[in-house]
Amino acid sequence: MFAVELLILVPLVGAALCVGVGRLSARASRLASLGATIASAGVLAFLAAEGIFSGVALEGWRVARDTVPFWDLRIDGLSAPLLALTALTGLVAVLASWGEHNRSSVHHALLLGLQASVTGVFLAADVVLLYVFWEAVLIPMYFLIGIWGHENRRHAAMKFFIYTFAGSAFMLVGILMAVFGIGQTDISMLVSGRTALAQPSLVFWLIAIGMLVKLPAFPVHTWLPDAHVEAPTAGSILLAGVLLKMGGYGLLRLALPISPGSFAHAGIVFAVLGIVGIIYGAALALVQSDLKRLVALSSVSHMGFVLLAISAGTERGIAGAMLVMVSHGLVAPLLFLLVGQLYVRTHTREISRFAGLGVVTPRWGSALTFGALASLGLPGLSGFPGEFLSVIEAFGAWSWPMIPAMIGVVIAAAYNLRAVREVVHGPPAEEWRALRDLDAGDLVPVMLLVAAIVVLGVCPAIVLNMSGDAFATLAELIAGGV
Amino acid sequence: MVLAYGWSVVALPLAIALLVGLVGRFLGRGIAYVSALAPAWVLFYGIVACFEVLSAAEKGGVLARGAAVWLPAAGDGGMAVGWAVDGLTGLMLVVVGMVALLVMVFSSGYMAGERGLPRYFATLSLFTASMSLLVLADGFLGLFIGWELVGACSYLLIGFWFTKPAAAKAAVKAFLTTRVGDIGLLLALALLWREVGDLSYAAVFGMASALPGAVLTSVSLLLLFGAVGKSAQFPLHIWLPDAMEGPTPVSALIHAATMVAAGVFLIVRIWPLYSLSATAAMVTLAIGGFTAIAAACAAAAQRDIKKVLAYSTISQLGFMFAALGAGAWEAALFHLVTHAMFKALLFLGSGSVIHGCGGVQDVYEMGGLFKRMPITGATWAVGALALAGVPPLAGFFSKDEILHGVWGVQPLWAAVLFGASLLTAFYVARTTRLAFFGTYRGAGHPHEGGPEMQLPLLVLAVGAAIFGVTGGVIAALIGGHHGDLDPGIALASAGIAIVGLLSGWFTAASASDPGPSTSTGKLIIIARGGWGGDALVNAMLVGPVTRASALLDVFVEGSLINRIAEGTGPAARRLGRGFTSLQSGDAQWYAIMSGAGAVALLALVAYLGRGF
């Protein structure tokens, strides 16, 4: 089915169009990028009508065309929710950079290029293709941070690049070992032929290290706060929204299925890294003075829940990991978007310089309060179902030793509500008396994310119905042991 | 049949919350009455449910239920969130609906002219929906969702006047303290899920007697921890006095009648499980008894009329916990209902006083209000006497049942509760005399509020006066036992109430504190501060966590992990410097780096893969 290819081609064509019409006017290129993201969402909606969201098994639904080597695309339960997330955050990122004046056509083109490559990662059914897209993601992100970032952008771009590149070097070794060891490049073939691997645990960890850097897991997370703080708003939105999800996706797509036996010892490592990450990220977020760094470190904490959930190795655990990822892909972009909107108006992110914005900019204040409540995992919003599954499944697997993770749950409430208290509450600061509240244009991306957060919170079945079979298959693989 | 639409007591308030939040500002003063439709429906539904239960041949059964799979799973049926209506649910819906309805009516006068009324009424409606969900849920998952949501509404409403730093701080403190307790609840769910594999009450109760003793005790203690947080029991009581920063009608609804009683409701709800653990019962009794007397002492030392009521609420909830610990769960529920009436009445009365005195909350600056605010004064008197346990008002009967129940199990703790009763009567009389009698000491012009504020007071006064007769009905609703009045205990508690009232009355002759250098003065200062609970929590918890986090940030993240990451040898840094100076060489460098890396990796793979 050719429509799957369109998910990659449409943003790519859009990117070319952006640069092309950028010579005419910045407005035209903005419209072109908006058109491209809407069209990608439209393609996805079309595919949804064809049934990709109805829940298909891990190795189902081949939609390949064999004319290009390694070119093999496939959608299944594992990728469907992340594709939807990519389409949504891509649209939000374009809307968020509507006011970007510095070389806006290139900026938008890079956003679209990023969307195309991330989509490629989630669609690739061939491990070589997956790796190519994986590395391709780095390029637009590198330039987005390096050119449109803030004061310290070059250092952050560099750090981001070296870190994730080093991570993917391990991953590449792992992939090549698997490819040469099994003699296949198709992922499902790799999985079914996995018994031919001489050192499955080595392959597992080589791949997993790349994923853990991407996720990011403690202690290889330090590229993330720097990258986020320096990245332009749209960059942060895509970074938090979908780039981090590549880490969790890769674990579930490659590492675990190719070497499910390694889970016997990897599970406990994931659990420990997850719990440490949950507490560590939350504790650091608690003492930040930069609002954006606070949100960035909260990502480390949330991604800890992804690892903790996976560590249970059960269908519900994996479901919890996916729900946490999708939810974080909505909530963190919302918070980054709001921080960005504030920065555009005030040119600062210092928490201590703000107070009482709830009076001055009530729409912005309400949205931040909403985002904070979503981030702390309030039921009814998207953060809760995943965190809940993560906790109960981890308890089922690890029993009382997982209790320290609960400290993170309390601190999550503390850092989120602290941000609201210091920025939104209190008597309004004189300095910002004349601050402009969000206008209709600002509100469109905000409300898109808010709506998605509520819908997913009330009805997590949307994701679980897409992916349930895939999770069950994975859990069976893990339970099978080899 | 109307009962089949049980989900509507959640859905309708939710829809109204949305409506009021979005278009509330176009509704003008009608906003309160549109919002009031939500609790009115809850109340109506609750009444119908109660009548159905009472007329049914077999009590204690479920009248109607429904469920939907919330977290589907391919491997099994998934996790469901469901609702079920029985006598206990019906009774709680009546309490929630009635108090919420009256509070909304009262608010239309009390909050008139405030900014942000749509936010206020939308959050109140959301609270009504969440509280309905909490009592309507047919299992732990639905309960937990409602439990967390009422906490969030409480946070939003305590912080309603968010430009006041104290209000903003109190809101966060309330949320965080109760969230500490919620962890107990969440872990209890996890443990039950592991042991039973189903979170509906029916399934858990069915398995309860087959569970190992250690599991039963753990689950019960974890649930108790959650209940202690929500119901502001020692040592998680510290948030409730601060929560008085919220608008007074909110205090009446959330922090007196409904949400803070959710802990008691929880234990009553899961009685078939909870009653199996003797350890949990012992701990519950101790926590309840201790909280009852310590908070009553603190209440006796307050100057702020709302703080008196806040500590009084903590103390009265302590009575209920003590009853639960003694196995007298019917008495605990009975007291929950009567307390909802008289404490909501007292809070709304204090709201009327604060409104009339132009925002003054210090009883030392009141006095003589009875003459100037006769309706408020008279209804306050009814509530106060009911709280003090004077027969034949409602509080007397329910407290008598508690004392009777505890006496039969642990006479020592019963003695403590008698002491708490004495103190209760003491602070009630003291506060009442200081505020309503003598001469007016303030600078304002106290006046009665409008009819929308007087009517709720009158309705609640009737409830506080006559709800003592409902003990039998309540026991019948939950299929429990209702004992007759124990003459000895009744006489003793009535006598204690009189003694306490008289001593409180005479203490209140002068509206001033004893000097801070006297030993009484020192004691009063400590008690007024809630026995140093805040300082303890700050020293033991808040301080260490913040300090540890700051240390992590500076030393582990900054000096260790980041230094390793950025400084793995000067080579990386030199590479970085060289790179940043190459203004136009980005792509080129990338290509070289990629190429070199790929070659190195291929060599590595060839080496590793030589075995096959």
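The values are calculated or read from the model by the stated rules, or taken from the named source; none is laboratory data. Here the structure is a predicted model, which means the values were calculated and not measured. Every residue, glycine among them, receives a Cβ derived from its backbone with ideal geometry; neighbour counts consider all protein chains shown.
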Report, ordered by the first and then the second residue, all pairs with beta carbons closer than 8 Å, sequence separation of six or more or different chains, a first member in the stretch A:19-47 that is more than 30 Å from A:ALA80 (Cα to Cα), and a second member that is surrounded by fewer than 22 Cβ atoms within 10 Å (Cβ to Cβ) and of a type in the set (Val, Ile, Thr). A:GLY22/A:VAL106; A:ALA28/A:VAL21
Failed item in (1) within 10 Å of another protein chain (Cβ to nearest Cβ); (2) surrounded by fewer than 22 Cβ atoms within 10 Å (Cβ to Cβ); (3) over 25 Å from the mean Cα position of the chain (by Cα); (4) at pLDDT 90 or above, with A:ARG418 passing the rest: (3)
Can you tell me which residue among B:LYS169, B:LYS173 is more than 15 Å from the chain's Cα centre (by Cα), at the interface with chain A (Cβ under 10 Å from one of its Cβ atoms), in a helix (DSSP H, G or I) and not hydroxyl-bearing (Ser, Thr, Tyr)? B:LYS169
Residues of the stretch A:118-162 that turn out to be in contact (Cβ under 8 Å) with a residue 12 or more places away in the chain, of a type in the set (D, E, K, R), within 11 Å of chain B (Cβ to nearest Cβ) and farther than 21 Å from A:ALA178 by Cα, as a count: 2
Which condition does B:MET111 not pass, out of (1) farther than 26 Å from B:VAL48 by Cα; (2) within 14 Å of chain A (Cβ to nearest Cβ), if it passes all the others? (2)
So for the stretch A:430-445 (the condition being facing chain B (nearest Cβ under 9 Å) and in a helix (DSSP H, G or I)), does at least one residue qualify? no
Just checking, which of B:PHE144, B:PHE127 is over 13 Å from the mean Cα position of the chain (by Cα), within 30 Å of B:TYR5 (Cβ to Cβ), among the hydrophobic types (A, V, I, L, M, F, W, C) and assigned to a helix (DSSP H, G or I)? B:PHE144
For residues in the stretch B:459-478 being surrounded by fewer than 16 Cβ atoms within 10 Å (Cβ to Cβ) and in contact (Cβ under 8 Å) with a residue 40 or more places away in the chain, which is nearest to B:LEU324 (Cα to Cα)? B:VAL469
Limited to the stretch B:1-20, what total is found for residues that are modelled with pLDDT of 90 or more, among the small types (Gly, Ala, Ser) and surrounded by fewer than 24 Cβ atoms within 10 Å (Cβ to Cβ)? 3
Can you confirm whether B:GLY46 is part of a helix (DSSP H, G or I) and not aromatic (Phe, Trp, Tyr)? yes
Of the numbered conditions (1) touching a helix residue (DSSP H, G or I) at 6+ places or on another chain (Cβ under 7 Å); (2) over 19 Å from B:THR284 (Cα atoms); (3) β-branched (Val, Ile, Thr), B:VAL406 satisfies every one except a single condition; which is it? (2)
Counting only residues that are part of a helix (DSSP H, G or I), within 14 Å of A:ARG253 (Cβ to Cβ) and either within 9 Å of chain B (Cβ to nearest Cβ) or in contact (Cβ under 8 Å) with a residue 60 or more places away in the chain (or both), the stretch A:175-213 contains a total of 8
Could you check, for the stretch B:335-353, whether at least one of its residues is part of a helix (DSSP H, G or I), modelled with pLDDT under 95 and farther than 30 Å from B:LEU266 by Cβ? yes
Mind checking which residues of the stretch A:359-383 are within 8 Å of another protein chain (Cβ to nearest Cβ) and either of a type in the set (Phe, Trp, Tyr) or farther than 20 Å from A:PRO427 by Cα (or both)? A:LEU373, A:LEU378, A:PRO379, A:GLY380
I'm trying to understand the selection: among the residues of the stretch A:238-282, which are away from every other protein chain (no Cβ under 14 Å) and closer than 23 Å to A:ALA157 by Cβ? A:LEU238, A:LEU239, A:ALA240, A:GLY241, A:VAL242, A:LEU243, A:LEU244, A:LYS245, A:MET246, A:GLY247, A:GLY250
Can you confirm whether the stretch A:398-411 contains a residue that is within 30 Å of A:ALA84 (Cα to Cα), crowded, with 24+ Cβ neighbours inside 10 Å and among the aliphatic types (A, V, I, L, M)? yes
Among (1) out of contact with any Leu (no Cβ under 9 Å at 6 or more places or on another chain); (2) crowded, with 24+ Cβ neighbours inside 10 Å, which single condition is B:ILE305 missing? (1)
Taking only the stretch B:199-214 into account, find how many residues are surrounded by fewer than 18 Cβ atoms within 10 Å (Cβ to Cβ), farther than 22 Å from B:ALA286 by Cβ and within 12 Å of chain A (Cβ to nearest Cβ). 0
Pick from B:ALA565, B:ALA511: which is in contact with a Lys or Arg (Cβ under 8 Å, 6 or more places away or on another chain), modelled with pLDDT under 70 and of a type in the set (A, V, I, L, M)? B:ALA565
Residues in the stretch A:216-237: is at least one more than 12 Å from chain B (Cβ to nearest Cβ), over 30 Å from A:ILE147 (Cβ atoms) and crowded, with 24+ Cβ neighbours inside 10 Å? no
Could you tell me whether any residue of the stretch B:121-131 is more than 14 Å from chain A (Cβ to nearest Cβ), crowded, with 24+ Cβ neighbours inside 10 Å, within 15 Å of B:ARG29 (Cα to Cα) and touching a residue at least 12 places away in the same chain (Cβ under 8 Å)? yes
Of everything in the stretch B:354-384 that's of a type in the set (A, V, I, L, M, F, W, C) and within 24 Å of the chain's Cα centre (by Cα), which residue is nearest to B:LEU423 (Cα to Cα)? B:ALA384
Which helices (runs of 4 or more DSSP H) does the stretch B:373-449 wholly contain that include 2 or more residues that are in contact with an Asp or Glu (Cβ under 9 Å, 6 or more places away or on another chain)? B:374-388, B:394-409
Which condition breaks for B:ALA322 when tested against (1) touching a Cys at 6+ places or on another chain (Cβ under 8 Å); (2) modelled with pLDDT of 95 or more? (1)
Filtering the stretch B:276-311 down to residues that are closer than 23 Å to B:SER510 by Cα, out of contact with any Phe, Trp or Tyr (no Cβ under 8 Å at 6 or more places or on another chain) and part of a loop (DSSP other than H, G, I, E, B) yields B:ALA301
Out of curiosity, is A:GLY77 at pLDDT 80 or above and not polar (S, T, N, Q)? yes
